[in-house]
Amino acid sequence: MMFKKNNLKNLSLLVTALTSLLLSPAIVAKESDKTVEFLNTKPSSSRLPFSEIVRLENTLYLSGQIGLDPATKKLANGGFKAEADQTMKNIKQTMQAHGYNMEQVVKCTVMLTDIADFKAFNQVYTQYFSPPYPARSAFAVNQLALNSSVEVECIAAAFN
């Protein structure tokens, strides 16, 4: 195929412009900002195979929390509500340990071993959030770690 000399010059200018645009510092910097941070308060030698929070850009992904009392390393005593309350406390403490707060939570996924506990969970949940509430899903599961009755995982916005 033959190009006229003028068309070839225009094509060369277009290729040069596109190349400089693609390699501009703004675009290169944007790509390098996409680092993943693994946030943990415990030493990296922790025997649990997950991070408390993983941050990608302005999004925080929190691992699921159960009602494990950090002092006793056992599920909270006192039935479902006590366990649900400890679960939410654990989420709040994890957020605060990394400089975030509950107002930054935008989505929660709730897993219950007995869906009949849904109403009781809502009574606890509303003590940790206020309207407008985060988006949420809840479903029944067969079993959770350490025979917990409830597990909650969250996604949050990292705007600080």
Compute the distance in nm between two label points, each set 7 Å from the Cα along the Cα-to-Cβ direction, one at Phe118 and one at Leu146. 2.7
What order do Thr109, Thr41 take when sorted by accessible area (1.4 Å probe), most exposed first? Thr41, Thr109
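Taking all protein chains as present, what is the carbon and sulfur share of the accessible area of segment 86-126, in % to the nearest whole number, probe 1.4 Å?
Working: 900 of 1800 Å².
About 50 percent, which is the carbon plus sulfur part of the accessible surface.
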Take the alpha carbon atoms of segment 55-98, find their center, do the same for segment 105-146, and report the distance between the two centers in whole angstrom. 12
Step through the table entries Lys42/Lys81; Lys34/Lys73; Lys89/Lys119; Lys42/Lys107, compare each Cα-Cα distance with 30 Å, and write down the pairs that go over it. Lys34/Lys73
So for each of 145-155, 54-64 I average, over its residues, the number of other beta carbons within 10 Å; can you give me the resulting order with the highest mean first? 145-155, 54-64
Viscosity 0.890 mPa s, temperature 25 °C, Stokes-Einstein D of segment 29-160 from Kirkwood C-alpha radius, µm²/s: 159
Phe129 and Thr59 label points (each 7 Å along its Cα→Cβ direction) are spaced in nm at 1.7
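The values are calculated or read from the model by the stated rules, or taken from the named source; none is laboratory data. From a predicted model like this one, the values you see are computed outputs, not experimental measurements. For neighbour counting, all protein chains shown are included, and Cβ atoms are generated from backbone atoms with ideal geometry for every residue, glycine included. Just so you know, the surface numbers come from the protein's heavy atoms only, side chains and all, with ligands and any DNA or RNA stripped out. Shrake-Rupley method; radii C 1.70, N 1.55, O 1.52, S 1.80 Å.
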